[in-house]
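Working notes, structure below.
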Amino acid sequence: MAQDGRDILEVLQFELSFLEDGGYGRSPRAPWRAPAVFEDSPICPNFCDPARPHPCESCLLEQFVPKDRQAESVPCRFIELTQQGQTVDDLYRTGSQVEIEEALGRWLRAQIEKIKRERGLPQEAGAA
């Protein structure tokens, strides 16, 4: 459990559902830009608040940010989503929205399965 009382497994499962349900599709409020992974998700402590009043250290995703990137203004952009070490930030610069979402989905499924394995919970059928 994190400082805010949420369970990381539930948060990651919610994020996967948000992704699969099209949560990162174009927003009617800002159709000129693609939503930012993690930042424009309801799991972000600063979701829908441009003032960003909550420190990123309070976010459950902080545990996935490399220690040397935790002082960045938006640390979740430096979570490595691929086995090649590509971060969210790298994918913004080099990937399409589809590639970003595919990498995010793979990363979320892998993290969810890892946590389930560590907790001795049932694995998804066909999961590695």
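Just so you know, all these numbers are worked out from the coordinates, no wet-lab data involved. Everything quoted here is computed from the prediction, not taken from an experiment. Note: ideal-geometry Cβ built from the backbone for every residue, glycine included; neighbour counts use all protein chains shown.
Brief remarks on what is shown
- Given the chain, longest segment not containing exposed loop trypsin sites (Lys or Arg not before Pro) (DSSP; at most 10 other Cβ within 10 Å): 34-128
- Close amide-amide hydrogen proximity is noted between residue 87 and 81, each under 5 Å apart and 5 or more residues distant or on a separate chain (H modeled in the peptide plane; Pro and chain starts excluded).
- Per residue convex hull volume, Cα atoms of the stretch 69-127, in Å³: 97
- Per-residue Karplus couplings for the stretch 77-91, computed as 6.51 cos²θ - 1.76 cosθ + 1.60 with θ equal to phi - 60°, are listed in order as 5, 10, 6, 7, 8, 10, 5, 7, x, 5, 8, 4, 4, 4, 5 Hz, Gly and Pro entered as x.
- Treating r as the C-beta distance of residue 97 and residue 14 and R0 as 25 Å, the FRET efficiency rounds to 0.75.
- Within the chain, all pairs of alpha-carbon atoms sorted by distance into 5 Å bins from zero give the percentages 2, 10, 19, 24, 23, 14, 6, 2, 0.
- Under Karplus coefficients 6.51, -1.76 and 1.60, residue-wise ³J(HN,Hα) of the stretch 17-25 in Hz, glycine/proline x: 4, 4, 4, 5, 8, x, x, 9, x
- Inter-label distance for residue 119 and residue 36, nm, one decimal - labels placed 7 Å from Cα along Cα-to-Cβ: 2.9
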